[in-house]
Each structure stands twice: as C-alpha cells, then as structure tokens.
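The values are calculated or read from the model by the stated rules, or taken from the named source; none is laboratory data. Note that the structure is predicted; figures quoted are calculated from it, not measured. Positions of Cβ are generated from backbone atoms using ideal geometry, with glycine treated the same way; all protein chains shown enter the neighbour counts. Just the protein is used for accessible areas: all its heavy atoms, side chains included, with ligands, DNA and RNA removed. Shrake-Rupley method; radii C 1.70, N 1.55, O 1.52, S 1.80 Å.
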Amino acid sequence: MKKLMAANWKMYKTWDEAKSTAEELVKLTAAKLPDDREVLVFPSFTALRGVAQALAWQAGFSAGGQDYYIEEEGAFTGEISPKMLKDAGAAYGLTGHSERRHILGEDDEYIGQKTAYGLASGLKVVLCVGEKIEDRKNDMVEDVLERQIRMGLKNVPTDIAPDRLSIAYEPVWAIGTGEVAGPEEISAAHGFVRKILFSIFGDNANEMRILYGGSVKPDNCAEIIALDNVDGVLVGGASLEGESFSKIVLA
Ligand code: PEP
C-alpha cells in the first residue's frame, strides 16, 4: 500500500501562488519520489485546475477538492459538485474536516451523505475524524471516533475498492496548534480506526489508508509515518511552502 502524503491548503493561495507552489513541489520531489509514496494536494476551488495541471504530467501526484455538495447540479448557490471538481482535474474529495465540523457546523449525518455521494460520483474520498481536547480528557476518544466513522461511512457500499477510501485521524487539539499527538496516542487511535474499518469492510480494511493529521512538520514526519497503521499524513500549515512540504513527502 502506498503512503498518501496529502496537503490541505485551506483558504490560502491565489491561482498564481498555488500553481507556482505546485510546480516547485514537483520540481523538488518528482524525480526522487519513492515507489511507495503518493502525493495529493487540496487547493482552493479557484486554484484547482491550475494545480491539477501542474501535477498532472507526473505519476503519483493528484489534486482534490476540499469540499463539495451532494448534488450533481442545481439551484444551490455557492456550492460545487463532484462533477465540477472532476472537470477541474480533481481525483479526490475531502469530507469531515474539523474546520467544516466545528466552524461551518457540518454534522455526522451530512458528512456521511457527502462521503457516500463523492464516492458514488467517482471521487476517491478522504474522511477526517478526530476528537476535541475535552473528549480526550473525558476518556471519550474511542466513542467519538467510532461515531464519526460509522456515521461517516453509513451509506458507503461495503464492497468499495479499498484504495478509494481513506480515513484521516486528526485530533482537533493538534490541528494548527503546533501540538502533535504522541506516538502512543497515534498508534492507539489508528489501531482503533483499523478495527472499526475491519468490522465494516472485512479484510479490505487492511488496504484502506489511515492518515495522521495535526501539526505534521518536516522534523516529525519520519517518526510518525513509521508507526503501525499510519499510511500517510494530511498536512495543513507545513504544506503551504513547496520546500517544507517536499521534505515531508520525502521524509
Ligand atoms: C489540517 O488542516 O488538516 C491540518 C492537519 O493542519 P496542520 O497541519 O496545520 O495542523
């Protein structure tokens, strides 16, 4: 299984900035990309086509949409569909990111609809899950993860090709804070995620990637991706500069 090294550029970068960062990333990593790595960038919608074009000629690189609505088209002002993302060059969609859950108010039910709809529309999907600090303090990590995963995957066919679905474990308290979950916390959470996936998808769960996200940096990535059940990373802040993200990709 290839490790998936994913960048989430959130609401940063204009078309020109995004395209030149993507080009720099290709320049710094393409020739050295190990066979067991894949690179994925989630730029803003307006930069998606430019980034997808910059990555397209290189095997092992792809682009994705940070969000989408659960219809193909229609009177849904401000929304974007998987069909439009694919038309702009996206192979992936992202669902359940903590900023969409906790700032934009998306609930488990809607995230589940989105995950299933993106897959049915031909996107590969990365579903993010993760507990808040108070959940951890109250010993609720497994309860939160199990609820978010089961609701998030409720309508996903159990025979889905395993390379089309990934889970990103992103403890909310580690996102954009500089605070990284420790190796034991990451291993425990990822082992638990694998167990839940196994209960839903059987042996195919072994081929689904579980990414870690939360203040991944060039100097901590190698240690994190070496842990059991860590099949890649989802990186925010440290993915915004080509040089920094290239070190993570090649860590
Ligand atoms: C993220 O936004 O998914 C993320 C993990 O951000 P950061 O790497 O900045 O913590």
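How many residues are aliphatic (A, V, I, L, M), within 20 Å of residue 231 (Cβ to Cβ) and within 15 Å of the chain's Cα centre (by Cα) if we restrict to region 154-173?
Summing the residues that are aliphatic (A, V, I, L, M), within 20 Å of residue 231 (Cβ to Cβ) and within 15 Å of the chain's Cα centre (by Cα) in region 154-173 gives 3.
I need a count of the residues in region 200-217 that are open to solvent by less than 50 Å² (accessible area, probe 1.4 Å) and more than 12 Å from the ligand (Cβ to nearest atom).
7
Identify all residues within region 163-178 that are outside any loop (DSSP other than H, G, I, E, B) and either within 16 Å of the ligand (Cβ to nearest atom) or open to solvent by less than 10 Å² (accessible area, probe 1.4 Å) (or both); write none if there are none.
165, 166, 167, 168, 169, 172, 173, 174
Hey, could you check region 77-123 for residues that are open to solvent by 60 Å² or more (accessible area, probe 1.4 Å), among the aliphatic types (A, V, I, L, M) and more than 16 Å from the ligand (Cβ to nearest atom) and say which is nearest to residue 145 (Cα to Cα)?
120
Taking into account only those residues within region 233-251 that are open to solvent by less than 10 Å² (accessible area, probe 1.4 Å) and either closer than 15 Å to residue 129 by Cα or in a loop (DSSP other than H, G, I, E, B) (or both), which is farthest from the ligand (Cβ to nearest atom)?
233
Would you check if residue 207 is touching a helix residue (DSSP H, G or I) at 6+ places or on another chain (Cβ under 6 Å), among the acidic types (Asp, Glu) and touching a residue at least 40 places away in the same chain (Cβ under 8 Å)?
Values: touching a helix residue (DSSP H, G or I) at 6+ places or on another chain (Cβ under 6 Å): yes; among the acidic types (Asp, Glu): yes; touching a residue at least 40 places away in the same chain (Cβ under 8 Å): yes.
Judged against the criteria, residue 207 is a match.
Among 66, 58, which is touching a His at 6+ places or on another chain (Cβ under 8 Å) and open to solvent by 10 Å² or more (accessible area, probe 1.4 Å)?
Working: 58 fails: touching a His at 6+ places or on another chain (Cβ under 8 Å).
None of the other options fit; the residue is 66.
In this structure, is residue 189 without any contact (Cβ under 8 Å) to a residue 24 or more places away in the chain, of a type in the set (A, V, I, L, M, F, W, C) and crowded, with 19+ Cβ neighbours inside 10 Å?
No.
With the structure loaded, tell me whether residue 150 is open to solvent by 10 Å² or more (accessible area, probe 1.4 Å), touching a strand residue (DSSP E or B) at 6+ places or on another chain (Cβ under 9 Å) and of a type outside the set (A, V, I, L, M, F, W, C) or whether it fails that test. Let's see the steps before the verdict.
Working: open to solvent by 10 Å² or more (accessible area, probe 1.4 Å): yes; touching a strand residue (DSSP E or B) at 6+ places or on another chain (Cβ under 9 Å): no; of a type outside the set (A, V, I, L, M, F, W, C): yes.
Criteria not met by residue 150.
Whether any residue in region 15-25 is surrounded by 24 or more Cβ atoms within 10 Å (Cβ to Cβ) and in a strand (DSSP E or B) is what I want to check.
no
What pairs come up if the first residue lies in region 111-139 and is of a type in the set (Phe, Trp, Tyr), the second is open to solvent by 60 Å² or more (accessible area, probe 1.4 Å) and not in a helix (DSSP H, G or I), and their beta carbons are under 9 Å apart, counting only those six or more places apart or on different chains?
Every condition considered, the pairs that remain are 117/71; 117/155.
In region 218-232, which residues are more than 15 Å from the ligand (Cβ to nearest atom) and surrounded by 16 or more Cβ atoms within 10 Å (Cβ to Cβ)?
Residues satisfying the conditions are 229, 231.
Please give the number of the condition residue 181 fails out of (1) within 16 Å of the ligand (Cβ to nearest atom); (2) among the aliphatic types (A, V, I, L, M); (3) touching a residue at least 40 places away in the same chain (Cβ under 8 Å).
Against the list (1) within 16 Å of the ligand (Cβ to nearest atom); (2) among the aliphatic types (A, V, I, L, M); (3) touching a residue at least 40 places away in the same chain (Cβ under 8 Å), residue 181 comes up short only on (3).
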